[in-house]
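A short write-up of the structure that comes next.
The values are calculated or read from the model by the stated rules, or taken from the named source; none is laboratory data. For clarity, every value in this text was computed on a predicted model and none was experimentally measured. Because the Cβ atoms are built from the backbone with ideal geometry, glycine has one as well, and the counts that use them run over all protein chains shown.
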Amino acid sequence: MASVIDLAPPPAQSPSYRSIRRASRGFELLFAGLFVGFIALMALSLWVLWFYQGTLIVVGPRGGLITTAPPPADFIPFRNWPLDEKLAYTPDVIFRAAPTLGLFWCLRGLFRAYGQGQVFTARNAGLIKIMGVCLIVDAAAPFLCHLVLSATGYEIDKQWAHMAAVQELVLGAVVFVIALVMQAGHEIEQDREGFV
């Protein structure tokens, strides 16, 4: 009777896995910090929308403007916005921030898993899929918000279309496909582990 002894180290102990684990800890902290920072930025945006009384931050047909000089005549300080306009823009601020928050949250979770030595897992593939969707939604958000605000008559920023949105849309689609590749890699790894 013959027996087979596997002398190869487990994958989690290989040099590449150790490198992944080491590098991932810093990225987990980075994306956790960005997540918290972006929540603070969204809260600040809502505070400016509702409570800011100065003229340093104004909005007009060419977007937002931060200026210490007197603002152009077609730019409106937030203190002059009527209540219904503030109500219309509150969900806009939240909707535009949500995909970025989702992206940072998923990146934090992905690098936490990498830091624990979990690389080709179904959960990681799922997180990467969500990241792709977040990028696609973030790219489409200005257009969708423009449609809603234009239909209701509250649109102020007329220059909502930017080439960066097309790039983000393509990147989101690429990331989604990478997630499918990772999922296939996980399935291959499972099949290999199940083969005796």
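Structure data summary
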| read-out | value |
| --- | --- |
| Number of positions in the stretch 116-170 that are under 22 Å from M182 (Cα atoms) and in a helix (DSSP H, G or I) | 19 |
| Some residue of the stretch 63-76 being crowded, with 18+ Cβ neighbours inside 10 Å, assigned to a helix (DSSP H, G or I), at negative phi and not β-branched (V, I, T) | no |
| Any hit, the stretch 106-124, residues being within 23 Å of W160 (Cβ to Cβ) and either free of Cβ contacts under 8 Å to residues at least 40 places away in the same chain or in contact with a Leu (Cβ under 6 Å, 6 or more places away or on another chain) (or both) | no |
| Whichever residue in the stretch 10-46 is at pLDDT 80 or above and of a type in the set (S, T, N, Q) and, among such residues, is surrounded by the fewest Cβ atoms within 10 Å (Cβ to Cβ) | S19 |
| From A122, A165, A88, residue being over 30 Å from S19 (Cβ atoms) and at pLDDT below 90 | A165 |
| Filtered residues of the stretch 161-188 (kept if in contact with a helix residue (DSSP H, G or I) (Cβ under 7 Å, 6 or more places away or on another chain) and more than 21 Å from V137 (Cα to Cα)) | M182, Q183, H186 |
| Complete set of residues in the stretch 24-39 that are free of Cβ contacts under 8 Å to residues at least 12 places away in the same chain and over 17 Å from L103 (Cβ atoms) | G26 |
| Candidates D84, D92, D138 - the one that is under 30 Å from V59 (Cβ atoms) and in contact (Cβ under 8 Å) with a residue 60 or more places away in the chain | D84 |
| Where a residue in the stretch 43-54 is over 13 Å from Y89 (Cα atoms) and its partner, wherever it lies, is at pLDDT below 95 and loosely packed, with under 14 Cβ neighbours inside 10 Å, with Cβ under 6 Å and at least six apart | Q53/R79 |
| Given (1) farther than 21 Å from I156 by Cβ; (2) at pLDDT below 90, index of the condition L101 fails | (2) |
| Out of V59, V119, sole residue that is buried (at least 19 other Cβ atoms within 10 Å of the Cβ) and either under 30 Å from A32 (Cβ atoms) or of a type in the set (D, E) (or both) | V119 |
